[in-house]
Amino acid sequence: MFAVDGIAQKIAPKPAWVKSCAVRHTYTWFGDVNYDISLESLKRASKDAYAHAGIKHPDEFDIAELYLPYSYAGLKWIEDLGFCDPG
C-alpha cells in the first residue's frame, strides 16, 4: 500500500502514515472573516482530505492534533472539521 524504506518500522512498532492532506486559503484581511459563522476554507479542505483518504465521517479518527493559535480557534475549527455539530 505504501512505499516503505524500513526506517519507520525500525523506530516505531506501528508507524503512523499520512494518507492525505489538503490546503485552502481565502486570502482575507483579519476583519474580513466572520469567525462566528465558520471558516469555509477549512470545511472545504477537510472534506477533500477526508475523501482522498477514504474517510466517510470524521468519527473514524482515533486522534487529531490541531494547530490552535488561540483558544477560540479550537472551538470553531473542531466544528468546521466535522468533529461536532455547530454550537
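Each value in this text was obtained by applying a stated rule to the coordinates, not by laboratory testing. Keep in mind that what you see is a predicted model, and the values were worked out from it rather than measured. Quick reminder, even Gly has a Cβ in these numbers, built from the backbone with ideal geometry, and neighbours come from all protein chains shown.
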Exercise. R0 = 41 Å: FRET efficiency of Asp85 with Lys14, Cβ-based, nearest 0.05?
Worked result: 0.80
Exercise. In sequence order, what are the phi-derived ³J(HN,Hα) couplings for segment 63-80 according to the Karplus relation 6.51 cos²θ - 1.76 cosθ + 1.60 with θ = phi - 60°, rounded to whole Hz, with x for glycine and proline?
Worked result: 7, 9, 10, 10, 7, 10, x, 7, 4, 4, 4, x, 5, 5, 5, 4, 5, 5
Problem set entry | segment 44-87 - Debye-derived log10 I(q)/I(0), Cα point model, q = 0.14, 0.22, 0.25, 0.32 Å⁻¹ | -0.33, -0.79, -0.98, -1.26
For this session: Go through segment 81-87 residue by residue and turn each phi into a ³J(HN,Hα) via Karplus (6.51, -1.76, 1.60, θ = phi - 60°); whole Hz please, and just put x for glycine and proline.
Result: 7, x, 6, 7, 6, x, x
Seminar exercise, completed: Of all chymotrypsin sites (Phe, Trp or Tyr not before Pro) in segment 52-87, the ones in DSSP coil with at most 13 other Cβ atoms within 10 Å are Phe61, Tyr67, Tyr70
Exercise. Given R₀ = 30 Å, FRET efficiency for Ile63-Ser41 by Cβ-Cβ distance, to 0.05?
Worked result: 0.80
